[in-house]
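This report concerns only the one structure given below.
A short reminder: the numbers here are calculations on the coordinates, not readings from a lab. Note that the coordinates shown come from a computational prediction; the quantities given were computed from them, not determined experimentally. Methodologically, a virtual Cβ is constructed for each residue, glycine included, from the backbone with ideal geometry; neighbour enumeration extends over all protein chains shown.
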Amino acid sequence: MATPKELNLHFPAEFAAQEAMWLSWPHKEASWPGKIDTIFPIYAKFIGLVAEGQKVRINITDEVMNAFAEKHLLAVNGNLNNVEFYLFPTNDAWCRDHGPSFVVNYEQKKKAIVDWGYNAWGDKYPPYDLDDVIPTKIAKQFDLDVFHPGIVMEGGSVELNGKGTLLTTTACLLNKNRNPHLNQKQIEEYLTNYYGINHILWLGEGIVGDDTDGHIDDITRFINEDTVVTVVEENKSDENFEILQENLHELKKMRLETGKQINIIELPMPKPVIYEEQRLPASYANFYIANKYVVVPTFRDTQNDEKALMILQDCFRDRKVVGLDSTDIIWGLGSFHCLSQQEPLI
C-alpha cells in the first residue's frame, strides 16, 4: 500500500480549520487516583467551549457512560449541540496519543487515518488493547482509508506546522521503550512518509514530571506556520530551568523547511504543582487550538496564569483564549491537549 506522502496526503496544523475534536471519556480511576470525580465539570466546560465552533466526537464504553457524560455536559452547558457519542470502548482518556491521526489532501477533498501503534508510553500503564484499535474503528465508522505504519507513535510527541516541518524530541521518539529496533534515521523515514512532511527538527528533554518521556506538546507549539511558543522557567533553581533553556537555545539555531528562522515567543511556566509529594507536568503549552477558542490549562497561579493567557491571546488574534483550571486534571499527568485529537475540515 502506498504511504500518505506518496498519495499527497499530509497531517495539517492544529490551527487549520477543524471538523471535530475527538475525545475518549475519562473513566479509569487509576489515572486520577482519588480525584477522578473532580475533573468532570472542567472537562465538560472544555467540551462545551469547543462545541460552539465545531463537532465534538466522544468515544464511550457503553450506554451507562453515555448517560453519565450527557448529565455532566447538560449540567455545565445546557445542551448537547454538536456533541456526538460513539460506542468505541477505551482503556483510558488520552486521545491525543491513542486517537486517529488524520491526513488530508485538500485539493482532492480526501481524508484518511493513520493508525500508529500504541503501547501506553512504553508499556507503563497496561492494558491498552482497546486504545490501540481506536483509529481503525473510527476509520471504519466513517469509511476512511486507514494506514498501519507498524511502529509506536503518539500524537503528543509531534508538533507540525502544516507546511512540511515536524518538531519532536529525542527523549521520547528515541526512547528504547517505543521502537527499540529503529534508529533515528529510520524513525525519520516513518515520520516523513506517514505524516507527509519533508523536514524534521529535534529538541531534547521534556519537562519534569512528564511520564510520556518528553512529549513536545508540553514544551513547544506551532501557532502559525513559522512561529512557535515555547515554555521557559524563570527560576534558576527550578529543575526545569536548564532543560528549557537548552531547548530554547536549540530552537534559536533551527530553520524551517523554507530555510527561514523560526519566530520564537516565550511562555512562562506555572509555579510547581505538587500533589501527594509528586511534581506534576503542569505547562501552559498544553493548550488546544479549536476553531473558535484556544483552551489553555491554568493552575491557580494568579501571576503566571494571567501572563500566559495574555501572551497567547496576542498570538491568536482570530480566536478567543480561555483559561480553564487544570489543577485537578493535571493529576492525571496531562491536560487539554493530551486529552484531545483534532479532525481537520476538508
Select the strands (runs of 3 or more DSSP E) contained entirely in the stretch 125-211, then report the ones holding at least 1 residues which are farther than 19 Å from residue 333 by Cβ and in contact with a His (Cβ under 6 Å, 6 or more places away or on another chain).
165-169
Which of (1) surrounded by fewer than 21 Cβ atoms within 10 Å (Cβ to Cβ); (2) over 19 Å from the mean Cα position of the chain (by Cα) is the odd one out, the single condition residue 4 does not satisfy?
(1)
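Can you give me the number of residues within the stretch 314-346 that are assigned to a helix (DSSP H, G or I), more than 30 Å from residue 105 (Cβ to Cβ) and in contact (Cβ under 8 Å) with a residue 12 or more places away in the chain?
Qualifying residue count for the region: 4.
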Are any residues in the stretch 219-263 in contact (Cβ under 8 Å) with a residue 40 or more places away in the chain, part of a helix (DSSP H, G or I) and polar (S, T, N, Q), and if so, which ones?
247
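Residue check: is residue 11 farther than 24 Å from residue 325 by Cα, over 19 Å from the mean Cα position of the chain (by Cα) and crowded, with 17+ Cβ neighbours inside 10 Å? Walk me through it before giving the result.
Values: farther than 24 Å from residue 325 by Cα: yes; over 19 Å from the mean Cα position of the chain (by Cα): no; crowded, with 17+ Cβ neighbours inside 10 Å: yes.
No: the conditions fail for residue 11.
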Hey, among the residues in the stretch 292-313 that are in a loop (DSSP other than H, G, I, E, B) and surrounded by fewer than 19 Cβ atoms within 10 Å (Cβ to Cβ), which one's nearest to the chain's Cα centre (by Cα)?
292
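Conditions tested, residue by residue: (1) under 17 Å from the mean Cα position of the chain (by Cα); (2) surrounded by fewer than 21 Cβ atoms within 10 Å (Cβ to Cβ); (3) within 14 Å of residue 212 (Cβ to Cβ).
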residue	(1), (2), (3)
145	no, yes, no
154	yes, no, yes
159	yes, no, yes
167	yes, no, no
184	no, yes, no
188	no, yes, no
